[in-house]
Amino acid sequence: MAIDCDDNCSSAFNPDQADSDGDGIGDLCDNCVFTFNPDQADANSDGSGDACEFSTSFGGTGAVVGLDVLPNPARNGMIRLRSRNFGARYLSMRSAAGTLVMESSWQELIDIDALAPGIYTIVAHDAEGRPLAHARFVKH
């Protein structure tokens, strides 16, 4: 167990000291878990670090699609999804282990109270089931 001066996330219990992007900030405290961002800059204060606010398109060349999850990371309550693709018709969510934890029609607000702490991937799909965009989020 790390002492506080060695703890990479002193504001949250994280005995494994996971740091997926190697930036020295523990995953449970990192505002951009999979992108190296040691400064944790967040110019618009939306909870998602500037380093990972970009389109996560699965679309072809020139596609302008994406999915934002706010706040990210989140503790409990509701998360808000924002899609830049108006063709999104339904959602799927998988745990870091790949287990399907949710499928639903498109909705802007999702209650995450029942989810265990961890890293999740949300995918927005079109009416035919093709993935349009994805986003990762962390639940503390």
> Only one residue in 114, 96 is in contact (Cβ under 8 Å) with a residue 12 or more places away in the chain and either out of contact with any Phe, Trp or Tyr (no Cβ under 6 Å at 6 or more places or on another chain) or among the hydrophobic types (A, V, I, L, M, F, W, C) (or both), so which one is that?
Replying inline: 96
> Of all residues in the range 1-49 being closer than 20 Å to residue 71 by Cβ and aromatic (Phe, Trp, Tyr), which is modelled with the highest pLDDT?
Replying inline: 13
> Which members of the range 85-125 meet the condition of being more than 15 Å from the chain's Cα centre (by Cα) and polar (S, T, N, Q)?
Replying inline: 85, 99, 104, 105, 107
> What residue, among those in the range 107-140 that are touching a His at 6+ places or on another chain (Cβ under 9 Å) and at pLDDT 85 or above, is farthest from residue 75 (Cα to Cα)?
Replying inline: 124
> Within the group 100, 115, 132, which residue is closer than 24 Å to residue 30 by Cβ and assigned by TED's automatic domain parsing to the domain that holds residue 66?
Replying inline: 115
> Out of the residues in the range 113-140 that are of a type in the set (Lys, Arg) and assigned to a strand (DSSP E or B), which is nearest to residue 68 (Cα to Cα)?
Replying inline: 136
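The values are calculated or read from the model by the stated rules, or taken from the named source; none is laboratory data. In this text, all values refer to a predicted model and were calculated from it rather than measured experimentally. Glycine gets a Cβ as well: all are built from the backbone with ideal geometry, and neighbour counts include every protein chain shown.
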